[in-house]
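Peer 1: Starting off with a structure, shown below.
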Amino acid sequence: MDITFKDVTYIYQANSPFAHKALENLSFHIPSGSFVAVIGHTGSGKSTLIQHLNGLITPTEGTVQIGDYQINSDKKPENLKELRSRVGVVFQYPEHQLFDETVAKDIAFGPKNFGVSESEIQRRIKEIVPAVGLDEALLGRSPFDLSGGQMRRVAIAGVLAVKPEILVLDEPTAGLDPRGQREIMDMFSNLHKEQGLTTVLVTHSMEDAVKYADHVIIMNKGTKYMEGTPEEVFTQREALNKVQLDVPEMIQFINAFEERFGKTIPFKRQTVQALAKEIQQALKGAGSDE
Amino acid sequence: MREKFIEFRNVSFRYGDEQPWVLDNVSFEIYKDEWVAIIGHNGSGKSTIAKLMNGLLYPEQGEIIINGMPVNDEHVWDVRKQVGMVFQNPDNQFVGTTVQDDVAFGMENRGIPREEMEKRITEVLRSVRMEDYLLTEPHRLSGGQKQRVAIASVLAVKPDVLILDEATAMLDPRGRKEIMRTVSDIQAKNEISLITITHDLQEVVMAERVIVMNNGSVWDEATPRDIFAKKDELRKIGLDVPFIAVLADELKQNDLLIENEPLNHDELLEELWTLHLKM
Amino acid sequence: MNNAIIIGQYVPGNSLVHRLDPRMKITIIFLFVIFVFFANNVVSYSILTAFAIITVFITKISLRFILKGLTPVWFLIIFTFILHLIVTKEGTVLVELLGFKVYSGALIQGFAISLRFFLLILITSLLTLTTTPIEITDAIEDMLHPLKKIKFPVHELALMMSISLRFIPTLLQETDKISKAQASRGVDFRTGPIKERIKAIVPLLVPLFVSAFKRAEELAMAMEARGYQGGEGRSKLRQLKIKKIDIFVLVFFLLVIAGLFITRNYS
């Protein structure tokens with residue numbers, strides 16, 4: 001499903017002394033099948049943005065179009081529940097939403113609400129549990145007896161079990177250790193490719209954005225500050241620094257290298273291995289010049 | 001030789017008789033005014049170490065000595081005067097209804113007179129750059145600001161060691177930077193030992209010494225430079241390696257003879273410059 | 001959230017009433033609540049009403065805002081009035097409605113009781129409107145201080161109150177977050193039969209409780225790490241001080257009360 005925002009403005013507690021504009025005239029288009037990273041500081045409007053994607057909130061002005069579903073200030077789609085079954089959201093610290101007696105029941109909760117049959121739910125659990133890196137032996141346990149990392153995986157499985165077409169991820173790896181972070185992100189990346197999902201990733205990690213996304217939206221103070229491919233966006237160091245965002249470390253190094261040696265190495269999301277080779281060649285070239 | 005401040009002697013700990021050991025025969029020392037980073041995967045026992053240092057938990061076997069005192073029921077309150085802690089969740093350690101009340105909390109517990117409290121509140125809030133928020137309520141502060149208040153609250157009672165137990169884990173990059181700037185300011189100005197328990201590589205690089213935990217045991221203890229030289233092993237135990245260290249390794253594969261393990265961009269560029277002059 | 005209800009809501013300000021010592025405010029309100037029951041004629045009621053209205057005026061909070069905020073209470077006041085009209089049978093019959101005789105005494109008494117009720121609520125809501133919750137807590141701790149002699153846990157009670165106040169916004173945010181997460185998993189909190197809607201609360205309540213307990217545990221640990229050992233030997237940053245203006249206001253209030261007692265005997 002395509003996602004289109006057209007002049008979306010969202011005001012919290014409108015018409016009260018506490019009114020606060022969280023989004024202002026936001027427009028963008030995400031074609032079906034993209035992996036989009038949304039980046040910005042806390043308070044830049046990222047969370048407000050993603051709550052529009054499954055109709056948790058409706059724009060104060062403007063229109064949000066998700067596939068065939070249209071959401072604007074004066075109409076919520078009647079089939080909101082259907083929309084929510086097609087747009088899965090993994091919120092920050094999703095383990096906080098666990099509540100059922102067993103892991104299996106908690107994973108089944110979403111699909112059950114959306115009317116998926118019991119046999120189909122069981123089939124999906126069998127498929128998803130190993131995919132998120134959980135042991136099937138845990139299915140009968142209480143989710144509250146698990147480690148933090150395991151709880152996170154159960155919560156993610158609960159969202160995936162609904163089989164959404166759009167997957168929204170709000171900092172899904174916050175608080176995990178480096179290995180856990182890598183495993184979870186690789187899992188989402190594989191899922192994205194295998195099932196042809198549209199993925200919207202809210203992150204603070206420039207490295208993750210470079211590694212996984214094909215499109216980047218930079219938010220600042222409720223507006224879209226920049227948009228484009230990771231190469232286009234992240235090479236504009238000055239513009240990013242202006243809103244106190246850093247560029248990925250590889251680009252920082254390439255820039256520093258250029259300043260020192262006067263040799264430009266283009267950034268094309270290369271591996272560290274490839275970069276090392278390019279540096280070696282650049283140095284050789286520099287050496288033979290003299 | 002520097003003066004020992006914290007000493008773990010063959011410490012073992014578990015949360016119950018039937019439970020697995022969280023710490024298994026752990027021994028190490030931390031010296032006065034030192035900055036030590038403790039790293040390890042989740043569940044490796046890092047945070048348990050922090051709680052043991054403060055007498056929030058007691059070891060099942062072995063002994064913990066803080067500034068010459070064993071941590072036990074008799075000394076625990078004296079130990080807590082010397083060991084200040086900042087925890088992970090910014091919300092769950094903010095006791096006061098305003099910033100100044102929260103900073104006062106620790107001092108009130110120690111019966112510090114009111115005039116002295118007021119003086120110190122101004123002082124410590126200035127040192128964490130939060131002096132403009134004296135009367136602000138916690139729900140109007142960002143995570144990074146709350147953690148800076150937490151640091152100020154600890155500094156107000158003048159401890160000898162400050163433990164940051166994953167204090168930046170729940171913050172965004174801006175909040176993390178704020179905290180690291182604050183912490184290095186403090187380290188530079190005060191005579192205080194720092195123990196940072198963290199996954200953040202930037203924080204690890206700033207420390208003088210690193211203790212690496214793995215499955216409840218001390219896996220290694222060395223300078224950040226020596227630790228990050230062991231890249232493949234670190235990855236095997238679930239940890240990360242800084243980009244610069246990885247790049248330096250790849251450069252070596254390409255016959256560029258980097259001699260010292262670089263920890264930041266400048267160090268690597270310097271190495272490359274030397275090589276380049278020799279070419 | 002419902003912005004219409006103002007009971008328990010603080011409106012920031014710097015008026016005389018805002019600046020009064022919270023203990024003084026509680027004392028005056030307590031006395032007012034008692035003496036309202038001594039009013040018995042037009043003059044004495046007028047004195048109390050004038051006092052209440054002038055106080056509202058001094059707070060600089062608009063009377064309309066306060067009256068609107070008391071909406072849920074209006075129902076009770078009107079109900080009291082009607083009840084009196086029906087039950088009381090004194091004086092002359094004024095009108096006869098659907099077989100009910102409305103007496104003149106009933107009208108007067110109904111009005112008096114409703115006014116009394118209204119004054120009570122108005123003046124007590126002024127306390128929370130002009131005093132921060134933490135000031136009220138401090139005042140309660142201070143005023144209950146003598147009960148320490150009979151081992152009443154005054155300090156603990158005050159600490160519990162202030163921590164609850166501190167965590168109200170946090171828990172409200174949490175509730176919002178969890179209900180959004182569950183709504184995304186297909187829970188419908190708003191429509192459907194009552195039974196279904198009650199069932200829908202479970203996935204909200206369980207995580208809330210789990211998180212509240214976790215917070216409590218972590219907070220207790222953080223407090224202990226910061227040297228908290230109970231009320232013994234603690235000093236206090238917050239201190240309440242009776243100022244000249246507090247004394248002046250009390251004296252003025254006592255004069256009002258004296259006026260009330262003098263006018264009570266008028267007929």
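Taken together, the values in this text are just the output of simple stated rules run on the coordinates, not laboratory data. Nothing here was measured: the structure is a model prediction, and the numbers come from that model. All Cβ positions, even for glycine, are placed from backbone atoms using ideal geometry, and neighbour counts span all protein chains on display.
Peer 1: At what distance in nm do the modelled label points of C:Phe57 and B:Glu74 sit from each other, each positioned 7 Å from its Cα along Cα→Cβ?
Peer 2: Placing both labels 7 Å beyond Cα along the Cβ direction yields 7.1 nm.
Peer 1: By the scheme Lys and Arg +1, Asp and Glu -1, what is the net charge of all other residues having a beta-carbon under 12 Å from that of A:Ala274?
Peer 2: Charge balance near A:Ala274 sits at +1.
Peer 1: Continuing with the same structure: Hey, can you grab everything whose amide H is under 5 Å from the amide H of A:Met219? Only 5+ residues off in sequence or another chain; H modelled, so Pro and N-termini drop out.
Peer 2: A:Ile39, A:Gly40, A:Tyr225
Peer 1: Take the alpha-carbon centre of the range C:96-171, take the same for the range B:1-40, and report the distance between them in whole Å.
Peer 2: What the calculation gives is 53 Å, centre to centre.
Peer 1: Peptides C:106-119, C:241-254: what's the order by average Cβ count within 10 Å, highest mean first?
Peer 2: So the order, starting with the most tightly packed, is C:106-119, C:241-254.
Peer 1: With runs of 4+ DSSP H residues as the only contributors, calculate the mean residue ellipticity of chain B at 222 nm using -39,500 (n - 2.57) per run, divided by the residue total and rounded to the nearest 500.
Peer 2: About -12000 deg cm²/dmol.
Peer 1: Find how many whole Å separate the alpha carbon centroid of the range A:109-142 from the alpha carbon centroid of the range B:217-234.
Peer 2: The range B:217-234 and the range A:109-142 have Cα centres spaced 40 Å from each other.
Peer 1: Helix-only estimate, please: 222 nm mean residue ellipticity of chain A, summing -39500 (n - 2.57) across DSSP H runs of length 4 or more and dividing by its residues, to the nearest 500.
Peer 2: -12500 deg cm²/dmol
Peer 1: Would you mind working out the magnitude of the charge dipole of the protein assembly as shown relative to its Cα centre, with +1 at each Lys and Arg C-beta and -1 at each Asp and Glu C-beta, to the nearest 20 Debye?
Peer 2: Around 3920 debye, computed over the protein assembly as shown.
Peer 1: Check A:Leu23: other-chain or 5+ apart residues with amide H under 5 Å from its amide H, H built from backbone geometry?
Peer 2: Under 5 Å from the amide H of A:Leu23: A:Tyr10.
Peer 1: Inside 10 Å of the C-beta atoms of A:268-280, what's the mean count of C-beta atoms belonging to other chains?
Peer 2: 4
Peer 1: Between A:Ser117 and C:Val43, how many nm apart are label points set 7 Å from Cα along the C-beta direction?
Peer 2: 8.8 nm
Peer 1: Further question: For n ≥ 4 DSSP H runs only, could you compute -39500 (n - 2.57) per run for chain C, divide by its residues and tell me the 222 nm figure to the nearest 500?
Peer 2: Rounded to the nearest 500, the figure is -22500 deg cm²/dmol.
Peer 1: Please name whichever of B:Gly238, B:His139, B:Leu155 sits farthest to the positive end of the charge dipole of the protein assembly as shown, dipole taken about the Cα centre and charges placed at Cβ: Lys and Arg +1, Asp and Glu -1.
Peer 2: Value: B:His139.
Peer 1: Shifting gears a bit: Mind giving me the FRET efficiency for C:Thr27 and C:Phe75? R0 is 25 Å, r the Cβ-Cβ distance, nearest 0.05 is fine.
Peer 2: In this case the efficiency is close to 0.25.
Peer 1: With respect to the cross-link table entries B:Lys4/B:Lys236; A:Lys193/B:Lys231; C:Lys148/C:Lys236; A:Lys277/B:Lys278; A:Lys284/B:Lys230; A:Lys21/B:Lys146, which display a Cα-Cα separation exceeding 20 Å?
Peer 2: From the list (B:Lys4/B:Lys236; A:Lys193/B:Lys231; C:Lys148/C:Lys236; A:Lys277/B:Lys278; A:Lys284/B:Lys230; A:Lys21/B:Lys146), the Cα-Cα distance tops 20 Å for B:Lys4/B:Lys236; A:Lys193/B:Lys231; A:Lys284/B:Lys230; A:Lys21/B:Lys146.
Peer 1: R0 = 51 Å: FRET efficiency of A:Glu259 with B:Asp220, Cβ-based, nearest 0.05?
Peer 2: 0.90
Peer 1: Sticking with this structure for a sec: Highest first, please rank the peptides A:113-120, C:97-104 by the mean number of other Cβ atoms sitting within 10 Å of their residues.
Peer 2: A:113-120, C:97-104
Peer 1: For A:Glu82 and A:Thr42, calculate 0.36 nm times their separation in residues minus their Cα-Cα distance, and state this gained length in nm to one decimal.
Peer 2: Extra length available between A:Glu82 and A:Thr42 comes to 11.4 nm.
Peer 1: Same structure, new question: Can you list residues from other chains, or at least 5 along the same chain, whose modelled amide H is less than 5 Å from the amide H of B:Met213?
Peer 2: B:Ile39, B:Gly40, B:Trp219
Peer 1: How far is helix A:178-195 tilted off the main Cα axis of chain A, in degrees rounded to 10, range 0 to 90?
Peer 2: 70 degrees
Peer 1: Quote the FRET efficiency, to the nearest 0.05, computed for A:Gln195 versus C:Thr175 with a Förster distance R0 of 30 Å and r equal to the Cβ-Cβ distance.
Peer 2: According to the calculation, E is roughly 0.35.
Peer 1: Quick one: what are the phi-derived ³J(HN,Hα) couplings along the range C:163-176, Karplus 6.51/-1.76/1.60 with θ = phi - 60°, whole Hz, x for glycine and proline?
Peer 2: So the J values, rounded to whole Hz, are 5, 4, 4, 4, 8, 4, x, 4, 6, 5, 4, 4, 4, 4.
Peer 1: Let me ask you something else. Sorted by packing (mean other beta-carbon atoms within 10 Å per residue), highest first, where do B:233-246, B:4-17 land?
Peer 2: Those peptides, ordered most packed to least, come out B:233-246, B:4-17.
Peer 1: Please compute the average number of Cβ atoms from other chains found within 10 Å of each residue's Cβ in peptide B:97-110.
Peer 2: 5
Peer 1: 7 Å from Cα along Cα→Cβ at both A:Asp2 and C:Leu94: what's the point-to-point distance in nm?
Peer 2: Taking the two extended label points, one gets 7.1 nm.
Peer 1: With point charges of +1 on the Cβ of Lys and Arg and -1 on the Cβ of Asp and Glu, referenced to the Cα centre of chain C, which listed residue (C:Gln239, C:Met24, C:Ile262) lies farthest in the positive direction of the dipole?
Peer 2: Most positive-ward Cα: C:Gln239.
Peer 1: Cross-link partners among aspartates and glutamates for C:Lys149, C-alpha distance below 16 Å, same-chain residues fewer than 8 apart left out?
Peer 2: C:Glu141, C:Glu232
Peer 1: Let me ask another. Where a Cα-Cα gap under 14 Å defines reach, which aspartates and glutamates qualify for A:Lys221, not counting those fewer than 8 residues away within the same chain?
Peer 2: A:Glu24
Peer 1: Same structure, new question: What is the distance in Å between the Cα centres of the range A:1-60 and the range B:77-132?
Peer 2: 38 Å
Peer 1: Using Cα atoms only, what is the angle between the long axis of helix A:103-113 and the major principal axis of chain A, expressed in degrees (0 to 90) to the nearest 10?
Peer 2: Approximately 80 degrees, to the nearest 10.
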